[in-house]
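> Mind looking over this structure? Questions follow.
Here, each number is a calculation from the coordinates, and none is a lab measurement. None of the values given here were measured: they were computed from a predicted structure. Positions of Cβ are generated from backbone atoms using ideal geometry, with glycine treated the same way; all protein chains shown enter the neighbour counts.
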Amino acid sequence: MTHALAIELKDVSKKYITKTGINYAVDNVNLTVEAGAFISLVGPSGCGKTTLLSLIAGLFPPSGGEIRIFGQKVEGPTSQVGYMLQQDYLLPWRNIYQNILLGLEITHTLNRETEEHALYLLEEMGLIDYRLHYPHQLSGGMRQRVALVRTLATEPDILLLDEPFSALDYQTKLRLEDLVSSTLKKHAKTAVLVTHDLSEAVAMSDRVYVFSRNPGRINTVIEIPPVISEKTPLASRNIPEFQTYFQRLWEELDVYEDR
Amino acid sequence: MKIADWLTKGAQSEEHGRYLKALRLEQLKVLATQIVLLVFLLIAWEVSARYGIVDTFIFSQPTRVWQLILERAADGSIYHHTWITLVETIIGFCLGTLFGTLLAILIWASPFFARVLDPYLVVLNSMPKVALGPFFIVTLGTGHLSIIAMAVAIALIITTIVVYGSFQEVDPNYLKLTQTWGATRWQSFRKVVLPASVPSIISTLKVNVGLSWVGVIVGEFLVAKAGLGYLIIYGFQVFNLTLVMTSLLIISLAATVMYQAVAFLEKKLMQNRRI
């Protein structure tokens, strides 16, 4: 179980076969993520970033190559991996308390202990007083925090974040970035973030993978130095090096957009 | 004085009070007009019957209907017939909705099965179910069973089509969410798809109230020895159109009450569901 590498992708490709032909969503992707690291995937739309997350989550198998989670080959969804979607997708007919237990119910791990842990996480997010509210009574930022609690409740070691902040207003987004970043660090989680927001990628991650499309491939890997990655996302935006890395990322993406 | 109090009840300020008053006065106006219209129609009917403008043999008249209701209430027969029809309708309504929903679940369970059944559902839906009457009578006899079967037949397929449609409309991202925890198709169904479809299931309930009344009345036309549909056919055969009119009124009343009951149920169930 204790394996230094949380995620390993070896020559991973995924093709979609349709009536009109074959499309490569991702092709020949190699990447590794150390346990506890935070990496981001950026690239133009349609470069297969979300496909890659689904592959890591075991939602469908790759067409070629191999994916390992802590050394174990991925053969389907496991409780070691949690997934956060673009929107919160809270169930409107359940109150907040019932919503955060959904994952535990499905994985048949709901008991006193896990329930208390879920409530503890809710408290950590400052939402314990809202446990009997319904999703429509909460703001977008609060709802996404509930979604985070729901994801963490099953205690995954790896979190896959599929543009989880993109539907929020700017202020809420910055605040939530800090909260997610500190929560993941505190619980020693490994994270993969897909985002369109370059400053978010630089501010949150230890390493950024730049993708190009048709087919989705890794073009550049940019290491973010500790001076940025050790600060909270909000604070890191204020240090001078931040701009340098933002600029580098911008140029990398620009090159592949034009091709 | 009391009415004036009611008009501004719950007001938080004078301005709010004026708003509430205007709102409630409007409500009262609508209700009053509705009642006036009803009374006017009844009087017009009665008067034109008395002065021979309409043929009372065909159209009867309100006082005769009222007299008949009193007579039939006194000997208890009106309760007997209404009760039988009501029970048949409620059973038909419940079974039609239940089987329709179960069939929709079966179809959802297997996409292959769904594709196979698709043309059959289309044909069954467009076919007039009333035409099945003779088969019900031959196979189920001339009792309540045939009548209930008719109500079920009419409500079943449309329920299946509407409910299955709502299953398919559930945002696929919800299914993705449950799959990330390794949910089985059945788990996703129970936790997400079915509860998400409750609003459309309830809206088919409302449609099914009307449909099961059609089914039961037609069923009673064909086979019954008792019930409101039977009274209509009987009244028609002995040219007692007052009886037909009376039965019709009772049916409208009962159907309205049933519809309101379902609307009430909907309100209760939907209290916490807003997106």
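> To the nearest 10 degrees, how steeply does helix A:112-124 sit against the main Cα axis of chain A, on a 0 to 90 scale?
70 degrees
> Sorting B:Val65, B:Val152 on the 10 Å Cβ count, fewest up front, what's the list?
If I rank by nearby Cβ atoms, fewest first, I get B:Val65, B:Val152.
> Sticking with this structure for a sec: In percent, how large is the relative contact order of the stretch B:1-136, given Cα pairs closer than 8 Å and 6 or more residues apart?
That works out to 8 percent.
> For chain A, what does the relative contact order come out to in percent, with C-alpha contacts under 8 Å and a separation of six or more?
25 percent
> Continuing with this model, one more query. To the nearest 0.05, how large is the calculated FRET efficiency for B:Leu124 and B:Val207 if R₀ is 22 Å and r is the Cβ-Cβ distance?
0.85
> Please give the calculated 222 nm ellipticity per residue for chain B, where each DSSP H segment of at least 4 residues contributes -39500 (n - 2.57) and the sum is spread over every residue; nearest 500 deg cm²/dmol?
My calculation for chain B gives -27500 deg cm²/dmol from helical runs alone.
> From the backbone phi of the stretch B:235-241, what are the Karplus-calculated ³J(HN,Hα) couplings (6.51 cos²θ - 1.76 cosθ + 1.60, θ = phi - 60°) in whole Hz, Gly and Pro given as x?
x, 5, 5, 9, 6, 9, 6
> Moving on to the next point. Partner chain Cβ atoms within 10 Å, averaged over the residues of A:69-81 - can you pull that number for me?
Taking all residues of A:69-81 together, the mean is 1.
> Have a look at A:Thr195, A:Leu148, A:Ala235 and report the one farthest towards the positive end of the charge dipole of the stretch A:127-259, computed about the Cα centre with Cβ charges (Lys/Arg +1, Asp/Glu -1).
It is A:Leu148.
> Could I ask something else about it? Indicate, rounded to the nearest 5 percent, the antiparallel portion of the DSSP beta bridges found entirely in the protein assembly as shown.
55 percent
> Here is a follow-up. Working out 0.36 nm times the residue gap between B:Leu253 and B:Thr139, then minus their Cα-Cα distance, what length gain in nm do you get to one decimal?
Full extension from B:Leu253 to B:Thr139 adds 37.8 nm.
> Given labels modelled 7 Å from the Cα in the Cβ direction, how far is it in nm from A:Glu113 to B:Leu98?
With each label point 7 Å from Cα toward Cβ, the separation is 4.3 nm.
> Further, regarding this structure: 222 nm [θ] for chain A, helices only, -39500 (n - 2.57) per DSSP H run of 4+, per residue, to 500?
-10500 deg cm²/dmol
> Continuing with the same structure: Determine the shielding of peptide B:170-179 by partner chains: average, over its residues, the number of Cβ atoms on other chains within 10 angstrom of each Cβ.
Taking the mean over all residues of the peptide, I get 5.
> What's the angle, to the nearest 10 degrees (0 to 90), between helix A:240-258's Cα axis and the longest principal axis of chain A?
60 degrees
> Further, regarding this structure: With 10 Å bins from zero, work out the P(r) of the protein assembly as shown over every alpha carbon pair and list the percent per bin.
3, 13, 18, 17, 14, 12, 10, 7, 4, 1, 0
> Between B:Gln237 and B:Lys21, take the C-beta separation as r, use R0 = 60 Å, and let me know the FRET efficiency to the nearest 0.05.
0.60
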